[in-house]
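S.K.: I'd like to ask you about the structure that follows.
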Amino acid sequence: MDRIQIRGGRRLSGEVRISGAKNAALPLMVASLLTDEPLTLASVPHLTDISQLAEILAGLGVEITMSGNGQAGSEVGRVLKLHAKKIASTEAPYDLVRKMRASFLVIGPLLARCHQAKVSLPGGCAIGTRPVDLHLKGLEAMGAEIELQDGYVIARAPGGLHGAHIQFPFVSVGATENLMMAAAIAKGTTVIENAASEPEVTDLGHCLQAMGAKIEGLETRTLKIEGVERLKGANHTVLPDRIETGTYAMAVAATGGEVELLGTRGDLIASVIPLLESAGVHIQSTNRGIKVARNGAHFTGVDVTTEPYPGFPTDLQAQLMALMVTANGVSHISETIFENRFMHVPELMRMGADITIDHQTATVRGVEKLRGAPVMATDLRASVSLIIAGLVAEGETVVNRVYHLDRGFERIEEKLSALGADIKRVKG
Ligand code: EPZ
């Protein structure tokens, strides 16, 4: 199993290109199921989650071709052309779905287009139990009959899906995306209240609109979708990855230095910028992206609570904690989205961090130095937090179970070494 080896203590400087957003690209790929015409997506990041979803979609009959330059520095990234001319199968098997929860998103589009679907329940994962009840209740409200059998959801809508009024009890990104896609070609109008307004949801909405969908209320908490008879193909560019943007910003904040993040936008991390600024980091928009700098002054601890967008994202909580472990003073970090998303804490403590957890809040008391250590990645964002910690730690850090990282961070060791970090992948 590959490992990442880091010798900490180097400042980061230079420029790095931010990739297309994984969490936008995944639902956008699924949207190809809604039309018999080709959907072309540019700026698709090269990640294992993307290849795994491509495998699932191919099993459903989607023809997928890849072109474009996926090399470092490329603005276009990979271009995927997905053509679901005919749906060959409406079944997404356990072996594939269990590897990646986002694949559960195929259920809405399959039901809407083919009036049936059999999709494995994704099961829990390291960060929490992560049920799919909101997806299923929404589809039932739209006329689906749902049965659970041997770990599978078997869904049928003999007369097709119809519009419905759906009120989520809490915000769910995936359920909003699933139902928005299904509603785009259901009969009648669907209203989703307390919908997610994450930029990735909006990006999907824009792509569906380009395909001919009638959607109002994007970027707000109420979506109104008037079903149309058919959607057509479209060309769409995936939005920049706000989590990768925030991760590199926090890495620079942690090591010190000055880095321009190319091809991204400050508004995507609007909740993060004031926090980093109050901690002593300078952030400035440029005509190519944003510049992040910390020169000289040490940064101070800040308090943060994760929330649905536009609040501070749960997907940046671990990275912020890695930054706070060497801040001046105390910071309190509360996780409200997932019940088990502090698995990086014991690993950071092995490197010398001083952290205590009380229910959903971690209290981080800044220490002067971290020391390198062998650590274990437990999920995608936790693993990148260990990389940030390794960049500032004295001596060598080895991050094991790097496959988590490959799910969501494109060429991270290449990007960081181009910025001056001493980091390499050790094959094994
Ligand atoms: C998306 O997951 C992201 N994944 C996650 O990123 C992200 O952390 C999360 O949204 C929150 O922003 C993708 O976009 C592919 P939710 P999703 O439905 O859609 C509970 C990463 O590291 N819930 O908004 O699965 C759920 O358990 C990943 O890239 C139900 O109870 O998240 C969680 O506690 C990790 N029932 C909360 O809602 C449901 O039917 C929010 O989950 C659905 C969700």
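The values are calculated or read from the model by the stated rules, or taken from the named source; none is laboratory data. A quick note: this is a predicted structure, and the numbers were derived from the prediction, not measured. We place every Cβ from the backbone using ideal geometry, glycine too, and count neighbours over all the protein chains shown. Heads up: the accessible areas ignore ligands, DNA and RNA and are worked out on the full protein's heavy atoms, side chains in. Shrake-Rupley method; radii C 1.70, N 1.55, O 1.52, S 1.80 Å.
S.K.: Using amide H atoms built 1.01 Å from N in the peptide plane, name the residues 5+ places from residue 15, or on other chains, whose amide H lies under 5 Å from its own.
M.R.: Residues meeting the criterion, in which the H sits 1.01 Å from N, are 260.
S.K.: Taking just the alpha carbons, could you work out the radius of gyration and Dmax for region 302-381, both in angstroms?
M.R.: Answer for region 302-381, Rg first and Dmax second: 11.9, 35 Å.
S.K.: Still on this structure, I have one more. Out of 92, 103, 18, whose Cα points farthest toward the positive end of the dipole of the chain (charges: +1 Lys, Arg; -1 Asp, Glu; placed on Cβ)?
M.R.: In the chain, that residue is 18.
S.K.: Working only with C-alpha atoms, what are the Rg and Dmax values of region 230-359, expressed in angstrom?
M.R.: Considering region 230-359 through its Cα atoms, Rg and Dmax are 16.1, 58 Å.
S.K.: Further, regarding this structure: Given H placed 1.01 Å from N in the peptide plane, which residues other than close sequence neighbours of residue 354 have an amide H under 5 Å from its amide H?
M.R.: 365, 367
S.K.: The chain: Rg/Rh from Cα coordinates, Kirkwood Rh?
M.R.: Using Cα coordinates only, the ratio equals 0.98.
S.K.: Follow-up. Give me D for region 1-143 in µm² s⁻¹, whole number, from Stokes-Einstein with Rh from the Kirkwood sum over alpha-carbon pairs, 25 °C and 0.890 mPa s. Walk me through the intermediate numbers first.
M.R.: Values: Rh = 16.9 Å.
Once the numbers are plugged in, D ends up at 146 µm²/s.
S.K.: Cα extents of region 69-227 along the three principal axes, largest first, in whole Å?
M.R.: For region 69-227, the Cα extents along the three principal axes come out at 47, 36, 36 Å.
S.K.: With every protein chain left in place, what is the accessible area per residue of the chain in square angstrom, probe 1.4 Å? Walk me through the numbers on the way to the answer.
M.R.: Working: 16420 Å² over 428 residues.
Heavy-atom SASA per residue in the chain reads 38 Å².
S.K.: Tell me whether region 270-428 comes out rounded, prolate or oblate; compute the Cα gyration tensor, take square roots of the eigenvalues as a ≥ b ≥ c, and use a/c under 1.5 as the rounded threshold.
M.R.: Details: a/c = 1.28, a/b = 1.09, b/c = 1.18.
Rounded, since a/c falls under 1.5.
S.K.: Please report the carbon-and-sulfur percent of the accessible area for the chain; probe 1.4 Å, protein heavy atoms only, DNA, RNA and ligands left out. Mind showing how you got there, number by number?
M.R.: Details: 8040 of 16420 Å².
Summing carbon and sulfur atoms, their accessible area is 49 percent of the total for the chain.
S.K.: At 0.36 nm per residue, and after removing the present C-alpha to C-alpha distance, how many nm does the segment from residue 339 to residue 94 gain when stretched out fully? Show your work: numbers first, answer last.
M.R.: Values: separation 245, 0.36 × 245 = 88.20 nm, distance 2.41 nm.
Stretched out fully, the residue 339 to residue 94 stretch lengthens by 85.8 nm.
S.K.: Continuing with the same structure: Rounded to the nearest 5, what % of DSSP beta bridges with both residues in the chain are antiparallel?
M.R.: Details: 59 of 83 bridges.
Around 70 percent of the beta bridges assigned by DSSP in the chain are antiparallel ones.
S.K.: With θ set to phi - 60°, apply the Karplus curve 6.51 cos²θ - 1.76 cosθ + 1.60 along region 276-288 and write out the HN-Hα couplings as whole Hz, x wherever there is a Gly or Pro.
M.R.: 5, 5, 5, 7, x, 9, 9, 10, 9, 7, 10, 6, 10
S.K.: Could you order 309, 248 so the one with the most accessible surface comes first? Probe is 1.4 Å. Working shown, then result.
M.R.: Numbers: 309 50, 248 5 Å².
Correct descending sequence by accessible area is 309, 248.
S.K.: A further question follows. Would you work out the charge dipole size for the chain about its Cα centre, treating the Cβ of every Lys and Arg as +1 and the Cβ of every Asp and Glu as -1, and quote it to the nearest 20 debye?
M.R.: In debye, rounded to 20, the chain gives about 760.
S.K.: Then there's this: With charges only on Cβ, +1 for K and R and -1 for D and E, what is the dipole size of region 22-237 about its Cα centre, in debye, rounded to 20?
M.R.: With only Lys, Arg, Asp and Glu charged at Cβ, the dipole is about 220 debye.
S.K.: So, in Å, what gap is there between the alpha-carbon centers of region 395-428 and region 186-236?
M.R.: 37 Å
S.K.: Using the Karplus curve 6.51 cos²θ - 1.76 cosθ + 1.60 with θ = phi - 60°, work out ³J(HN,Hα) for each residue of region 30-35 in order, rounded to whole Hz, and write x for Gly and Pro.
M.R.: With coefficients 6.51, -1.76 and 1.60, one gets 5, 4, 4, 5, 7, 9 Hz.
S.K.: Here are some pairs, 81/291; 22/187; 137/187; 99/232; which of them have Cα atoms lying more than 27 Å apart in this structure? Before the final figure, lay out each step's value.
M.R.: On the way: 81/291 33 Å; 22/187 31 Å; 137/187 18 Å; 99/232 30 Å.
Listed pairs above 27 Å: 81/291; 22/187; 99/232.
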